[in-house]
Amino acid sequence: MTFKELNIEELILKALNEKGYEKPTAIQEKTIPIALKNKDILGLAQTGTGKTAAFAIPIIQQLYKNRDYRKPSRIQGLILTPTRELAIQINDCLEDYAKFTSIRHTVIYGGVKQNAQVNDLKSGIDILVATPGRLLDLMSQGLVDLNSVSHFVLDEADRMLDMGFIHDIKRILPKLPKEKQTFFFSATMPASIAVLADTILHHPVKIEVSPVSSAVDTVEQYLYFVEKPEKKDLLIHLLKEKKSLSTLIFSRTKHGADRIARLLCKAGIGSEAIHGDKTQNARQRALTNFKSNKTRVLIATDIAARGIDIDKLELVINYDLPDVAETYVHRIGRTGRAGNTGTALTFCSEEEKSLLNDIQKLTGKKITIAN
């Protein structure tokens, strides 16, 4: 049986079942039927809601059904995302969703040599996942042609703004065809992001899921009042007590993340840190080790952790409280996904109590004090 004789819906369902999805998430249920009508989408959704499948599945489905096998593959789907880690993660998802189809895809990002990426592009690609800087670089070399793009995704738009990529985005947009379907996803909608959305979306359907309280309701949370000098001893004690759990630890600073990693390794607890000062290869290696359970403990800053999607992450520890209350919800939302149970432990020193008050005011709940 050839690919053309197979039913695309059956192919995607088969891929989703193999990936462990028993039923669609809220954003998938709301987005996919509308996207299949070729409408623009404005999605307000946090990481971990299943939004990658929400845009990837309809794009794969439409490209598959409209595929002209007499012509070589050309870039018809462009997915822009702010970080290398998230780009790789999205490309991995495409691998799962499109595995029973003939749709070709690849990922390009900076921090590594371009040769392998260029070879993939030259072989013919239907869907391209890219970070803005590397895309602009390869476009300037005449190695990427966006004239055939019919489906465009701008993912994590608010993080694009935080990381200074909005100017790059504005350079890329004029290179895209005017007639295309656009998916615009953001966890938050500050004024500058709203203006950008207005400029690139055409009569979009707004889809909003996972309000800020969702993770607060599904994750068990415990609070430890502990002064700064004692945090390290408490952390080691808890990790040794919960030695079988995969654990993501949040540090407010890059220096702090490195210090925690050294401290834990010295205590015989295998761990690695990821943050913006690490090389792309070092960050990806640490993430791969963590996902494969080679390393049980990963320490991350908030920006480095954005977009990390780890199945069955059991424990999140807030070693430092975040400066912004909403960040706490994003952090703890990385555990307890897809029906799995999750736990979040938070350390709070005297000087962090005002930050704790902001978090509890935002969520409307007091965090249970650990015994």
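Coordinate-derived values only; no laboratory data. Computed from a predicted structure; not experimentally measured. Every residue, glycine among them, receives a Cβ derived from its backbone with ideal geometry; neighbour counts consider all protein chains shown.
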What distance in nm separates the two pseudo spin-label positions at ASP217 and ASP258, each 7 Å out from Cα along the beta-carbon direction? 4.2
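What is the gain in length, in nm to one decimal, between LYS113 and VAL205 on full extension, counting 0.36 nm per residue of separation less the C-alpha to C-alpha distance?
Result for the pair: 29.2 nm of gain on full extension.
Just check the range 165-207 against the gyration tensor rule for me: Cα atoms, a ≥ b ≥ c as the square roots of the eigenvalues, rounded for a/c under 1.5, and otherwise prolate or oblate depending on whether a/b exceeds b/c.
On the way: a/c = 2.10, a/b = 1.14, b/c = 1.85.
Verdict is oblate for the range 165-207.
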What length, rounded to one decimal in nm, is gained on full extension from GLN280 through to ASN371, with 0.36 nm per residue of separation minus their alpha-carbon distance? 28.7 nm
Using only Cα atoms, tell me the angle between helix 84-97 and the longest principal axis of the chain; keep it within 0 to 90° and round to the nearest 10. 60
Can you give me the three principal axis dimensions of the range 164-261 from its C-alpha atoms, in Å, biggest first? 58, 32, 26
Under 13 Å, Cβ to Cβ, from LEU239 - net charge with Lys/Arg +1 and Asp/Glu -1: +4
Which one of GLN284, ASN371, SER244 is farthest out on the positive end of the charge dipole of the chain, using unit charges on Cβ (Lys, Arg +1; Asp, Glu -1) and the Cα centre as origin? GLN284
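For n ≥ 4 DSSP H runs only, could you compute -39500 (n - 2.57) per run for the chain, divide by its residues and tell me the 222 nm figure to the nearest 500? It would help to have the intermediate numbers written out before the result.
Numbers: 16 runs with 155 residues, N = 371.
The helix contribution divided over the chain gives -12000 deg cm²/dmol.
Taking the convex hull of the alpha carbon atoms in the range 23-62, what volume per residue do you get, in Å³? Walk me through the numbers on the way to the answer.
Details: hull volume 2.5 nm³, N = 40.
Spelled out: Cα convex hull of the range 23-62, divided by residues, is 61 Å³.
How large is the direction-averaged shadow of the alpha-carbon convex hull of the range 3-208, in nm²? Write out the running numbers ahead of the final one.
On the way: hull surface 43.6 nm².
Computed as one quarter of the Cα hull surface, the answer is 10.9 nm².
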Which of PRO33, PRO132, PRO174 moves most in a GNM of the chain, Cα contacts under 10 Å? PRO174
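Expressed as a whole percent, how much of the Cα-Cα distance distribution for the chain exceeds 37 Å? Working shown, then result.
Details: 14790 of 68635 pairs.
Every Cα pair in the chain considered, those over 37 Å come to 22 percent.
Quick one: Kirkwood hydrodynamic radius for the range 214-369, alpha-carbon pairs, angstrom, one decimal? Provide the component values of the computation, followed by the final result.
Values: mean 1/r = 0.0646 Å⁻¹.
Kirkwood radius, the range 214-369: 15.5 Å.
Quickly rank 217-224, 267-274, 25-32 as a protection proxy: mean count of other C-beta atoms within 10 Å, highest first. Don't skip to the answer; put the middle values down first.
On the way: 217-224: 16.8, 267-274: 18.9, 25-32: 20.5.
Descending mean neighbour count gives 25-32, 267-274, 217-224.
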Can you pull the one-decimal nm distance between simple spin-label points at ASP92 and LEU143, each 7 Å off the Cα toward Cβ? 2.4
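Which of the pairs LYS65/LYS99; LYS99/LYS170; LYS113/LYS178; LYS99/LYS242; LYS242/LYS312 have their Cα atoms more than 26 Å apart in this structure?
Values: LYS65/LYS99 15 Å; LYS99/LYS170 33 Å; LYS113/LYS178 32 Å; LYS99/LYS242 37 Å; LYS242/LYS312 15 Å.
As for pairs spanning more than 26 Å Cα to Cα, those are LYS99/LYS170; LYS113/LYS178; LYS99/LYS242.
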In a Gaussian network model of the chain with springs linking alpha carbons closer than 10 Å, the residue among ASP68, ASP145, ASP92 that fluctuates most is ASP68
The FRET efficiency for ASP198 and LEU173, from their Cβ-Cβ distance with R0 = 22 Å and rounded to 0.05, is 0.95
Tilt relative to the chain, helix 191-200 - C-alpha long axis, 0 to 90 degrees, to 10: 20
What share of all Cα pairs of the range 59-143, in percent, falls into each consecutive 5 Å distance bin? 3, 14, 26, 27, 17, 10, 3, 0
